[in-house]
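The values are calculated or read from the model by the stated rules, or taken from the named source; none is laboratory data. Note that this is a predicted model, so its numbers are computed, not measured. Because the Cβ atoms are built from the backbone with ideal geometry, glycine has one as well, and the counts that use them run over all protein chains shown. All accessible areas refer to the heavy atoms of the entire protein, side chains included, with ligands and DNA or RNA removed. Shrake-Rupley method; radii C 1.70, N 1.55, O 1.52, S 1.80 Å.
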Amino acid sequence: MVARVSKSVTQTPLGELVEDFKADRIEIPPHQREYCWPRVREQQFILSILRGFPIPSILMSKRSGATLPTIEDGRQRLTAATRFFDGKFAIEWGTNDSTYYVDLSADDKRIFLSEIIIVQTFRNADDEARIRIFDWSQNGAPLSVGERLHAQFATPLVSLVKEVLMTRDDPDNQMPPGTLLHDRASHSW
């Protein structure tokens, strides 16, 4: 009999999540794609928070014996919020077309940091189930073929394929771009 995954739901202020993310108290699993949101998407997300728009929940897992929760869905959103908090980009807010977090009014800072995010945490899932849940939960941008393969990185075959394809065998860049496996594979991966 397959063990059933258990779930819990909490309401967490965005400021607490940003603080935990910055302090590495949230683990990023190897199957997560790298941060890839363009500036306009980051700005739209921050504006959504400040305008009170509904924000999708964040999905975490808690593995047996692990001390930290692992982010399964929501890395792009949490990274964007952290980058805005750290002054990495500005938004158009009020009459100012270049408003950084530090420039927000005290009320707007409070709104940003106290935005309640629903965090769903699941337990009792092995690595295969975690990857499947990650793949099924992609509410934002659909994963590319390479990102889906990356999510399956824990399997020996995909690990070998990625190692072969993504290892540059021309470290001096003497060959024209696109001639090596790395150059061709990096586009889709």
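Can you tell me which residues in segment 128-137 are of a type outside the set (Phe, Trp, Tyr) and under 18 Å from the mean Cα position of the chain (by Cα)? Quick ask: steps written out before the conclusion?
The initial filter retains those residues of segment 128-137 that are of a type outside the set (Phe, Trp, Tyr), namely 128-133, 135, 137.
Hits for segment 128-137 are Arg130, Ile131, Arg132, Ile133, Asp135, Ser137.
Scanning segment 9-20 for residues that are farther than 18 Å from Ser137 by Cβ and surrounded by 11 or more Cβ atoms within 10 Å (Cβ to Cβ) yields Pro13, Leu14, Gly15, Glu16, Val18, Glu19, Asp20.
Just a yes or no: is a residue in segment 128-138 modelled with pLDDT under 75 and either of a type in the set (Gly, Ala, Ser) or open to solvent by 70 Å² or more (accessible area, probe 1.4 Å) (or both)? Yes, that holds for at least one residue. Can Ser6 be described as surrounded by fewer than 19 Cβ atoms within 10 Å (Cβ to Cβ) and without any contact (Cβ under 8 Å) to a residue 24 or more places away in the chain? In short, no. Looking across segment 73-94, the residues that are on the phi > 0 side of the Ramachandran plot and either open to solvent by 10 Å² or more (accessible area, probe 1.4 Å) or at pLDDT 95 or above (or both) come down to Gly87, Gly94.
Taking the residues in segment 39-60 that are charged (D, E, K, R) and open to solvent by 30 Å² or more (accessible area, probe 1.4 Å) as candidates, determine which candidate is farthest from Ile111 (Cα to Cα).
Going residue by residue through segment 39-60, those that are charged (D, E, K, R) are 39, 41-42, 51.
Now restrict to residues that are open to solvent by 30 Å² or more (accessible area, probe 1.4 Å): 39, 41, 51.
Working: Arg39: 21, Arg41: 20, Arg51: 9 Å.
For segment 39-60, the residue satisfying everything is Arg39.
For the structure I just gave you, tell me whether Ile28 is under 15 Å from the mean Cα position of the chain (by Cα), closer than 18 Å to Leu14 by Cα and open to solvent by 60 Å² or more (accessible area, probe 1.4 Å). Yes, satisfied.
Can you spot a residue in segment 29-38 that is among the acidic types (Asp, Glu) and at pLDDT 90 or above? Full working, then the answer.
Step one: list which residues in segment 29-38 are among the acidic types (Asp, Glu), which gives 34.
Now drop any that are not at pLDDT 90 or above, which leaves none.
Looking through segment 29-38, none of the residues is among the acidic types (Asp, Glu) and at pLDDT 90 or above.
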